[in-house]
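One structure is given here, and the rest of the page talks about it.
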Amino acid sequence: MTNATTTSPAGDAARTTPFRAIQLLPAPVTVVALGIAAGHDLGATHLAVIAVVGTLATIGSALLPTLRPRHAEVG
């Protein structure tokens, strides 16, 4: 029977970027912006634009580190 666990070479650890909660910061900011905009009676179109931009910012913020990981520092 083979071992189910795998190990990665030491070089892979330098290339992985840990997920950080700060990457999801655009989500609560979007909710606050929607609340403020709704309180000022903006139209549905403006609220939709805020929601779409906030969603794209949240997704981009969460995915960008996986698409462009940091380069390993030489030192």
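The values are calculated or read from the model by the stated rules, or taken from the named source; none is laboratory data. Here the structure is a predicted model, which means the values were calculated and not measured. Neighbour counts are summed over all protein chains in view; Cβ atoms, including those assigned to glycine, are modelled from backbone coordinates with ideal geometry.
The table below lists the values:
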quantity: Tabulated pairs, the range 25-41, first on the phi > 0 side of the Ramachandran plot and touching a residue at least 60 places away in the same chain (Cβ under 8 Å), second assigned to a helix (DSSP H, G or I) and not hydrophobic (A, V, I, L, M, F, W, C), C-beta under 9 angstrom, 6+ apart or interchain; calculated: none
quantity: Selection count, the range 1-42, where residues are over 23 Å from the mean Cα position of the chain (by Cα) and modelled with pLDDT under 55; calculated: 11
